[in-house]
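Report on one structure; see the data block that follows.
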4 protein chains.
Amino acid sequence: MKILITAFDPFGGDKVNPALEAVKLMKDTIAGAQIVKLEIPTVFNKSIDLVVKTIDEVHPDVVLNVGQAGGRFEVTPERVAINVDDARIKDNEGNQPIDQPIAKDGAPAYFATLPVKAMVQAIKEVELPSSLSNSAGTFVCNHIMYGTLHHIAKNHLNIRAGFIHVPFIPEQVVGRPAPAPSLSTADIVRALEAAVQAIVEHTEDIVAVGGKTE
Amino acid sequence: MKILITAFDPFGGDKVNPALEAVKLMKDTIAGAQIVKLEIPTVFNKSIDLVVKTIDEVHPDVVLNVGQAGGRFEVTPERVAINVDDARIKDNEGNQPIDQPIAKDGAPAYFATLPVKAMVQAIKEVELPSSLSNSAGTFVCNHIMYGTLHHIAKNHLNIRAGFIHVPFIPEQVVGRPAPAPSLSTADIVRALEAAVQAIVEHTEDIVAVGGKTE
Amino acid sequence: MKILITAFDPFGGDKVNPALEAVKLMKDTIAGAQIVKLEIPTVFNKSIDLVVKTIDEVHPDVVLNVGQAGGRFEVTPERVAINVDDARIKDNEGNQPIDQPIAKDGAPAYFATLPVKAMVQAIKEVELPSSLSNSAGTFVCNHIMYGTLHHIAKNHLNIRAGFIHVPFIPEQVVGRPAPAPSLSTADIVRALEAAVQAIVEHTEDIVAVGGKTE
Amino acid sequence: MKILITAFDPFGGDKVNPALEAVKLMKDTIAGAQIVKLEIPTVFNKSIDLVVKTIDEVHPDVVLNVGQAGGRFEVTPERVAINVDDARIKDNEGNQPIDQPIAKDGAPAYFATLPVKAMVQAIKEVELPSSLSNSAGTFVCNHIMYGTLHHIAKNHLNIRAGFIHVPFIPEQVVGRPAPAPSLSTADIVRALEAAVQAIVEHTEDIVAVGGKTE
């Protein structure tokens, strides 16, 4: 099995992106699966173009996009991506789309085709905090998750795909207004490796309580 | 214009539902629009059945569902409903669906057809906290929003619809573990009335920054 | 019984101070006690001078200082004031003392001589959130509580005294970064009146669990 | 220089105490100072007795007590300890004092005699989150800080002393209700070692903004 793992570069004034720092440190083989790593720009459309191009070159079985969710204290696989770009801040090339569809011909949303609850469970089993998120926001993270799943759906590719949000690392929260939770890079690496192992081991998701009331 | 406003009954151990308390106190006419109020049960499917039946009887121009979001400190119009029931707790009749589609023939998601950013702006203009939410959860709130929009879409009805989440009221947070923000019933009423006025005045949404990074 | 209730004017960029807004609206007689209200400046030393002068004029049996605690969601009587001024921001006349004693001849701390747990209980009984706080900070709130208790102690006055912190009101949190809990002015008034009634009824505090682990 | 560092054993249902886990892993010599480590029981009075006995045996120049502050996301040196035991939960031997003085002949409070702002600065310089706390609570942490400083004051010992609170470690927050921030054991060790280095290097505290408004 070949797994393409992408991570965004730093944005929004931060000097590092914990997703990128952690992905760089992940093992190259996990549970027998070959890991291919890709840094992508925090830029609307360009990021999707690069992932699509790399999918065509690498022919992965799985695409896992990883991004930063400042303010969260858990590692959170995402359940769903929605067909909208609505940027609160500019991306790294100054784009700030407001309420624009990502794909005019796209579905209103795509659900992750990864075993998201098995991934949450696997992260907890290595004693790190995790829960299933129902929103990847409306910035580049939702954008890349939607764009990847849309590309796969439109072209009937046999690829499973999804997204994981990771917290800040401690160096990013020094001096930030409270509350500013973080997780160490080493722990984020462990969480991501546990999630990838769950992806390898579970072609179907487990049945487990993990919804949110609101 | 006729606006059907629904609110759930209490659930999850609470003695009141702030949505219901507030909707009861709303004016019967707002910005010239007639307000029709409906209490609905915190029960999967039954709640949708009652809303559908009432839509057929009342022929509203707008359906606004209102529900409780314990833990939020703002009044939050919802952008989108997704096609999944995934209950963390049982509903008021003991149902607890896990990862089930709401409608097998339904779209993966429906976007609110209300002017959600104009609603946020209107609530802020009456000096109450508000932001646009990108997830209504996976319990009955997302369920009723999805079910209403699906019914309207499937039957090509000329009805706009959407959902607003409201915080706890103070009496609900006495003794709850921190942080437990709340808003008074009177303020929730003012927020909902401001949002309804925005619905009456805006057939198209405004263009405004209001996305979330994650 | 005569109760002097003081409240600070707005500071730190806010246009209102919820303590002052609420105190203005309090009844003039509570549980038979006469309420005397005093607005004080958010200024080191000047605020104490005005309270001391007013104590000398009014001869109250109780002094209750009230101030804003932005970020808290509960109404919080304070247990103790410590002998230090350490300002994170400038006061309303530009003073910013760093790690200075309030009174060179003063005790390291004074405990409130009000029935703080009975006050917490009374606020909860009117269904508003409350807990006992163990720190009034190191800005003007701690300063006025310390200064008042030090004046009373040094002069052996037969006056009970203490401090209550109140949350933001909703208009202050519109547009503030999350989490920004608030309580309505009307609810803050109810909380303060309940606390004052407890002060009148309890010359000794009740025995109740109400400490904090950290 | 000899520095006695104490840490409590686990309490309140937790299987580990991050303070203890981290102290065990600290270097035995920091900036030339010899580190003596002591595990103490989460028990009122017994904990003080053990620290006092060890002070008499070891003759340290500095005593630094370390404890867990679940819910905090920063490493927080404490400014002050107050003369009260007020337990929200039972200690490890079932004691639950309510509003009792720690020392009947003691001062109302003792300020830490460590360079607390230099310690905060040193922790931030190793890129970990830190701020100065103004309350150590009213459980065993405040108790040991007060008891240590009272013993030193009463006996005119030439020992500097104080307390640091550390967050949960990740394994403790798996499954805890949100928000449940944590810091890795390795990062807590780094923070504590940075703080100890500041203690060695600063006999007087630095002048820096670091107060809290409330």
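The values are calculated or read from the model by the stated rules, or taken from the named source; none is laboratory data. Please read these numbers as outputs of a predicted model, since none were measured by experiment. Glycine gets a Cβ as well: all are built from the backbone with ideal geometry, and neighbour counts include every protein chain shown. Ligands, DNA and RNA are excluded from the accessible area calculation, which covers all protein heavy atoms including side chains. Shrake-Rupley method; radii C 1.70, N 1.55, O 1.52, S 1.80 Å.
Tabulated results
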read-out: When residues of the stretch C:155-171 are limited to those that are among the aliphatic types (A, V, I, L, M) and over 13 Å from the mean Cα position of the chain (by Cα), the one most open to solvent (accessible area, probe 1.4 Å); value: C:LEU157
read-out: Residues satisfying the stated conditions in the stretch B:69-97, i.e. out of contact with any helix residue (DSSP H, G or I) (no Cβ under 9 Å at 6 or more places or on another chain) and of a type in the set (A, V, I, L, M); value: B:ILE89
read-out: Hits in the stretch B:83-106 (condition: open to solvent by less than 40 Å² (accessible area, probe 1.4 Å), of a type in the set (Asp, Glu) and part of a loop (DSSP other than H, G, I, E, B)); value: B:ASP86, B:ASP91
read-out: Residues of the stretch A:109-122 that turn out to be open to solvent by 40 Å² or more (accessible area, probe 1.4 Å) and either among the acidic types (Asp, Glu) or more than 15 Å from the chain's Cα centre (by Cα) (or both), as a count; value: 1
read-out: Positions within the stretch C:107-116 being at the interface with chain D (Cβ under 8 Å from one of its Cβ atoms) and either in a loop (DSSP other than H, G, I, E, B) or in contact with a Gly (Cβ under 8 Å, 6 or more places away or on another chain) (or both), in sequence order; value: C:ALA107, C:PRO108
read-out: Test: residue in the stretch B:69-79 that is within 12 Å of chain A (Cβ to nearest Cβ), open to solvent by less than 10 Å² (accessible area, probe 1.4 Å) and of a type in the set (D, E, K, R); value: yes
read-out: Where a residue in the stretch B:171-188 is within 7 Å of another protein chain (Cβ to nearest Cβ) and closer than 23 Å to B:LYS124 by Cβ and its partner, wherever it lies, is among the hydrophobic types (A, V, I, L, M, F, W, C) and open to solvent by 40 Å² or more (accessible area, probe 1.4 Å), with Cβ under 7 Å and at least six apart; value: B:SER184/C:ALA186
read-out: Those residues of the stretch B:172-192 which are within 18 Å of B:ILE5 (Cβ to Cβ) and open to solvent by 30 Å² or more (accessible area, probe 1.4 Å), in sequence order; value: B:THR185, B:ALA186, B:ARG190
read-out: Candidate set from the stretch A:1-45 (those that are without any contact (Cβ under 8 Å) to a residue 24 or more places away in the chain and farther than 25 Å from A:ASP85 by Cα); member that is most open to solvent (accessible area, probe 1.4 Å); value: A:LYS24
read-out: Residue list for the stretch C:193-204, restricted to those being of a type outside the set (S, T, N, Q) and surrounded by fewer than 19 Cβ atoms within 10 Å (Cβ to Cβ); value: C:VAL200, C:GLU201, C:HIS202, C:GLU204
read-out: Count - residues of the stretch D:189-214 that are among the aliphatic types (A, V, I, L, M), more than 9 Å from every other protein chain (Cβ to nearest Cβ) and in a loop (DSSP other than H, G, I, E, B); value: 1
read-out: Complete set of residues in the stretch C:123-153 that are surrounded by fewer than 24 Cβ atoms within 10 Å (Cβ to Cβ) and part of a helix (DSSP H, G or I); value: C:LYS124, C:GLU125, C:HIS150, C:HIS151, C:ILE152, C:ALA153
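To keep it simple, each residue is scored yes or no on (1) more than 14 Å from chain B (Cβ to nearest Cβ); (2) in a helix (DSSP H, G or I); (3) under 22 Å from A:THR113 (Cβ atoms).
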{"residue": "A:LEU20", "(1), (2), (3)": "yes, yes, no"}
{"residue": "A:VAL36", "(1), (2), (3)": "yes, no, yes"}
{"residue": "A:VAL43", "(1), (2), (3)": "yes, no, no"}
{"residue": "A:LEU50", "(1), (2), (3)": "yes, yes, yes"}
{"residue": "A:GLU57", "(1), (2), (3)": "yes, yes, yes"}
{"residue": "A:VAL63", "(1), (2), (3)": "yes, no, yes"}
{"residue": "A:ALA81", "(1), (2), (3)": "no, no, yes"}
